Amino acid sequence: MSYYVLNPDSPIVVLIIGPSQNGKTTFINRIIRMAGNDVPYGREGDRNTKCTKAVSFFDVDVPTSEYVLIDREKRQVFDVPDIATDEDKVLGGGWWRRQRSDMYDIRPRDPQAPYLRLRLIDTPGLDDSENKDFENMEDVLRTLNNLSRSSEEWERQISAIVLVYNSNNPFSFSFQTVIKHYHQCMPNLFGGLAVVNTHFDLANLSRRKAHLIRDKLLGSDKDSARNSIIKQRAEDFRKALGETLSPNHFFLDSKPKETLAYPELLSRNTVAHILSFWRVAKPMPITQMRMFKSADMLTIDAKLQRGLQMAIDSWTVDLRMKREAATDREALKSKLLQQKEEGNNAMSRLQEELDRIDTTTVFSIRTYVTEDDPSVWRVLKDWTFRKRIRATFPITESEYDEFEVVTENSPRGKWIPQDCHYDSKTRTWTGTYESEPGKSPNLIAKAQTTNQVKHRQRIEELRREKRRLKASLVENQMESEQRYGAERMSEQPESERDEQLNQLVRQVETASHLIEVLRQKSPPIDKAFNEAARVRYTKRPGEISVQDLIDFAAAAELEFDIVRPLRRELVGADL
C-alpha cells in the first residue's frame, strides 16, 4: 500500500512510560493495528506477568485521519452520535451494543490523509511489581544516553512523553515519586504531557455513570458522566503531582471487542486525537535532559568527594612545601597557574550550563484542547440548528512575558488565523475557531516559549559570573606583567621544580573540579550517566570503594591525567 508520509526523515519520537500491567504495550499495539507499514506487535503482559523488561522501539506510519462507519447495505457513511456531546444517545438503551461489526466497515474519513511517522519507545514498568524501579529507569536513561550520540539528528531528540495508566486505579505514592523524577529530568516536554487512561470501555462508562447518578453526582441521564470522569481524573492527578503539571487526559479502550463496531470506531478516533496532539510537539535534544540524583546517589557521590578531598589535602601540603623551597619567580608562576586553572575550570562548568539553557529550544508550557473550556459544551449544544458555530478560546500564561501558540485543526473544526491575536498587557492569546454544531471540535492549541525565555534570570546570573571570571583572569595576568615586565611569563616548565609545581597544581585543581561536578544534584544526562555512574549507582553506599572513584575520574575524559596520581595517593584508603 502506498501513502504519503508528512515527516519521512524526522519521525516523532515518543517516550511511553507507566506502571506495570497498565497497558503500555497494549496501547502501542493499538497504534500498530492502524499502521500502514508492517510492524511486529509488542508482547503484552497479563494480570500476573509483565512482558516489557527492556526498552524497545516501534517504528510506525499511522494515518492522520479520523474514522467513520460505512453502512454495508446502504454503502454510505453512517452518522454516529459523538460520545463527547451525545453520551445519552450512545449509552441509552445500549445503542452502542447494537452496532455490530458485521453491519459496518470502518474507513478513514479522509482516504487521502497523510501518514505520520512515529518512533514509539516502550519502557519497563514504573512502580514495578518486582521492586526494580531504579533498574528500569536506569535502562531508560542508558538508552536515551546512547541515542544522544546517534549520527541521525532526529534520534538525538525526544518529541513527546506519554504516561499510560489504568483509568480504574488511583495514582500510587511510589509512582508519583517516579513521575516527579521524570519531570525534573525533562521539564521541556511535560508541557505537552499526555496521560492515556486505559481500560476505559463503554461498559465501564455505563457502570460508572449509574454510580454517579446513584450518588447524586450527576443530575440525570442527560448529564455527561464522561466529562465528569475526565474532570475528576485531572483533579486527582493535580492533587497527586502538584499544580505545576497539567497534562491532557485521553480515555481509551485499547482492545475493543471485535464483534462491536462503535467501540472500535471510538478507539481509533481517540488514537487519531492523540496523533493530532503529537503533531504540535517540538523535539527536545536529549543532551538537554538532566539526571536528578536520589538520596542514595547523593550519598555515593559524597563518598567520592571525600576521597578526592583526601588527595587534595595531601597534594596541597606537598605544593606548599615545594613553593617554600622555590624561587620567587617559580612560586609566583605556580600561584598564577593555579588561579588560571581554577578560573578555567569554573568557566568550563559555567559555559556548559549556558550552552544547555541559553538556546532557542522550545519549552512547552501547556497544550490545550478546546474541550478544556467549559463554555465549549454550552455553545455546542445551544447552536445545534446552525451549520457552523464560531467561538473563541483564550490562553493566559502570566508567568511568561513571551510565548507563542501553535494550533492544530481537526476534521470537525478549524482555527481562523486572521482572528487569533495576542494581548501583551494581559499575556493572553485569544484564538477564534469554527466547528460543526453538536460535535466536539477537538482543536489543539499549544503554548510554548524557548529556553532563553524560561531561564532568562539564570542566564543573566551565569553571564555576570562569566564576566567576573574573565576579569579575574585578566587581573592575574596584569599582576604577572607588573612584576616581571610586559613579556608574558612562559607556562612551560623551566626547571625540574617548575615541572613538579605545575603537576601538583593541576592535580589539585583537577580534583577540585571533579568535586564540583559530583556536587551537582541535576547534572546533564549525557555527561553524568555513563557506565561508571551506572555501576556505582547500583551499589549500596557502604559498597563504594576507591575503584569507583578511579572509574569516575577515568570516565570524565579530562585533558589532564588525574587517574594515575589518584591511584598512587589513595592506595589502601577507605572512603
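The values are calculated or read from the model by the stated rules, or taken from the named source; none is laboratory data. It should be emphasised that the depicted structure is a prediction, and the values quoted were computed from it without experimental measurement. Don't worry about glycine lacking a Cβ; one is built from the backbone with ideal geometry, like all the others, and counts go over all protein chains shown.
Side notes on the structure shown:
- Residue check, Glu264 of a type in the set (Asp, Glu) and part of a helix (DSSP H, G or I): yes
- Residue in the stretch 395-402 that is under 14 Å from Gly431 (Cα atoms), of a type in the set (Val, Ile, Thr) and modelled with pLDDT of 90 or more present: yes
- Yes/no for Glu371 being at pLDDT 90 or above, acidic (Asp, Glu), assigned to a helix (DSSP H, G or I) and closer than 28 Å to Asn188 by Cα: no
- The stretch 27-36, subset in a helix (DSSP H, G or I) and hydrophobic (A, V, I, L, M, F, W, C), residue surrounded by the fewest Cβ atoms within 10 Å (Cβ to Cβ): Ile32
- Criterion (among the aromatic types (Phe, Trp, Tyr), at pLDDT below 95 and out of contact with any Gly (no Cβ under 7 Å at 6 or more places or on another chain)) met by exactly one of Tyr433, Tyr484: Tyr484
- Taken over the stretch 245-260, residues that are more than 16 Å from Ala194 (Cβ to Cβ), of a type outside the set (Asp, Glu) and buried (at least 18 other Cβ atoms within 10 Å of the Cβ) amount to 3.
Residue-by-condition table, conditions (1) in contact with a helix residue (DSSP H, G or I) (Cβ under 9 Å, 6 or more places away or on another chain); (2) at pLDDT 90 or above; (3) of a type in the set (Phe, Trp, Tyr); (4) not assigned by TED's automatic domain parsing to the domain that holds Leu120:
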residue: Val271; (1), (2), (3), (4): yes, yes, no, no
residue: Ile274; (1), (2), (3), (4): yes, yes, no, no
residue: Phe277; (1), (2), (3), (4): no, yes, yes, no
residue: Ile300; (1), (2), (3), (4): yes, yes, no, yes
residue: Gln309; (1), (2), (3), (4): yes, yes, no, yes
residue: Ile312; (1), (2), (3), (4): yes, yes, no, yes
residue: Glu330; (1), (2), (3), (4): yes, no, no, yes
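- Among the conditions (1) part of a strand (DSSP E or B); (2) surrounded by fewer than 19 Cβ atoms within 10 Å (Cβ to Cβ), the only one that Thr449 does not satisfy is (2).
- Flag if Thr259 is under 30 Å from Glu153 (Cα atoms), in contact with a strand residue (DSSP E or B) (Cβ under 7 Å, 6 or more places away or on another chain) and either β-branched (Val, Ile, Thr) or free of Cβ contacts under 8 Å to residues at least 24 places away in the same chain (or both): no
- Residue count, the stretch 512-561 (criterion: of a type in the set (Val, Ile, Thr), outside any helix (DSSP H, G or I) and modelled with pLDDT of 90 or more): 1
- Matching option when the condition is at positive phi and not small (Gly, Ala, Ser), among Arg117, Arg75, Arg98: Arg75
- For the stretch 412-440, residues that are closer than 25 Å to Ser364 by Cα and outside any strand (DSSP E or B) total 10.
- Qualifying residue in the stretch 15-26 (condition: outside any loop (DSSP other than H, G, I, E, B), without any contact (Cβ under 8 Å) to a residue 12 or more places away in the chain and either of a type outside the set (Gly, Ala, Ser) or under 29 Å from Tyr262 (Cβ atoms) (or both)): no
- Residue, modelled with the highest pLDDT, within the stretch 288-298, restricted to residues that are in a helix (DSSP H, G or I) and buried (at least 18 other Cβ atoms within 10 Å of the Cβ): Met297
- Hits in the stretch 78-94 (condition: surrounded by 16 or more Cβ atoms within 10 Å (Cβ to Cβ) and within 19 Å of Glu258 (Cα to Cα)): Phe78, Val80, Val90, Leu91
- Lys387 being surrounded by fewer than 17 Cβ atoms within 10 Å (Cβ to Cβ), modelled with pLDDT under 95 and more than 23 Å from the chain's Cα centre (by Cα): yes
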